[in-house]
Amino acid sequence: MSESTTNPAPPAGEEPQLSRRRALQQLAVVATAAIAVPAQAATLTHGESANQKTRNPTMFAYVGCRTTRERNARGNGINVYRMDGATGAWTHVQRVDNLINPSFLAFDQTQRYLYTVHGDQSEVSAFRIEADSGELTFLNRQNTGGKNPVHLASDPSNRFLVIPNYGSGTLALLPRNADGSLGALADLVELPGKPGPHRVEQPHARPHFSPFDPKGRFIVVPDKGLDKVFSYRLDATAGKLLPAETPFVEARETSGPRHIAFHPRLPMTYVANELDSTVTSYHYDEASGRLTPRQILSALPASFTGNSRASEIEVDPAGRFVYASNRGHDSIAIFAVDATSGLLSFVAVEPTQGRTPRFFALDPSGRFLYVANEDSDSIVTFSVDPHSGRLRPTGQVIHTGSPVCIVFSQQLAQA
């Protein structure tokens, strides 16, 4: 499914241009057209009937990308899609133009607001999500106090966003206002430690991810530059980020911890190590935020001797499988999770049918996995076998420039 063109973006510095397609349904074939969209008031998302939610859920997918010449990118902003949860099919709804590298997206706790970092820049933008349509309305931007923000996460109280500045080795805290807009920088902390030995990739701290743990007590931060995984806690009253009692765990030298995923039931978490394409399993103490290493496995086949970098990692909703992406080998590694210990065993790798799978995402049901192949401008859809965890391409390919992030709204869309 390809996107249509939109009106030219306004000059840099102005608000992003909002363009949308209104779906006209006829015999299951959807025609769309892009028009300019003025700012609109937000309303509550309407639910579908209980039967529709169970049997044929429809939700929204939001896709971030890279846009700049420096990144050799072909992206054009944030793209919004309506997703059929039964078939996995996507229909294009809107494109938000005039955004520089909207490279990672996140919702607030209510999923009524969407936020994006601007990769290689120093800002985060806020949007309101319009009810029913899923379309975005720009609210404001704020500076992160550092360079190249690469991730962002909302705290459980919905009062703050935590953002790692990859380029300057800091962790930023931005307050959220009641209307979903962002306030000025509340706190900025430097990640301490000696850089790893890789002269190019590890010149200083390079935090790459900053999710809250499942209980919302700690922020766990893999740092590619220092070969460490940090744990912080948020003092929401003071608006401060504080190191946990055990502030970090050392990773294997030159492994380059990048992203982390938590098991939904067991006290385990899994880290994708970018530089050596491995996955480390850690026991996670939710009371203290302490990580204890248990196992490390390659995400690549034993026969592969080429160059590759790990990127994304996810645990399926049932907690039975872990998936990790390989850029270079261009594959998704599949691991089975031991139901008692939480340790992993390698199952297989599945080619991503595209180049440089920087990101992938399981839909909320875990029935479909979508791979963002950055350098082939495609999102490839796979169905997930619930018994083996293996992936099978469905034949659906969404064509969009330089995709690098996908998030799903679990608010159900109007059919």
Compute the separation of the alpha-carbon centres of the range 335-391 and the range 122-168 and state it in Å as a whole number. 26 Å
Taking the Cα atoms of the chain, what is the range of coordinates along each of the three principal axes, in descending order and whole Å? 54, 47, 43
Would you pull out the residues with amide H under 5 Å of Lys228's amide H, same chain only if 5 or more places away, H placed 1.01 Å from N? Asp223, Ala251
GNM top mover of Gly239, Gly306, Gly395 - the chain, alpha-carbon springs below 10 Å: Gly306
Taking all protein chains in place and a 1.4 Å probe, what share, in percent, of the accessible surface of the range 54-204 do carbon and sulfur account for? 47 percent
Computed [θ] at 222 nm, helices only, for the chain once each DSSP H run of length n ≥ 4 contributes -39500 (n - 2.57): -500 deg cm²/dmol
In terms of modelled amide H atoms, which long-range or inter-chain residues lie less than 5 Å from the amide H of Arg290? Asp285
For the range 182-191, in residue order, the Karplus 3J(HN,Hα) values (coefficients 6.51, -1.76, 1.60; θ = phi - 60°; whole Hz; Gly and Pro = x) are 10, x, 5, 3, 9, 7, 8, 10, 8, 8
What's the tally of Lys pairs in the chain whose alpha-carbon atoms lie under 28 angstrom apart, where the two lysines are 8 or more places apart or on different chains? 13
What accessible area per residue, rounded to a whole number of Å², is obtained for the range 138-178 using a probe radius of 1.4 Å? 29 Å²
Given +1 on the Cβ of Lys and Arg, -1 on the Cβ of Asp and Glu, and no further charges, what dipole in debye does the chain carry about its Cα centre, rounded to the nearest 20? 200 debye
In a shell of Cβ-Cβ distance under 15 Å around Val347, excluding Val347 itself, what net charge do Lys and Arg (+1) and Asp and Glu (-1) give? -2
So, over other residues within a Cβ distance under 14 Å of Ser383, counting Lys, Arg +1 and Asp, Glu -1, the net charge is -2
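The values are calculated or read from the model by the stated rules, or taken from the named source; none is laboratory data. All figures in this text were calculated on a predicted structure; none of them were measured in a lab. We place every Cβ from the backbone using ideal geometry, glycine too, and count neighbours over all the protein chains shown. Keep in mind that these areas ignore ligands, DNA and RNA; they rest on the heavy atoms of the full protein, side chains included. Shrake-Rupley method; radii C 1.70, N 1.55, O 1.52, S 1.80 Å.
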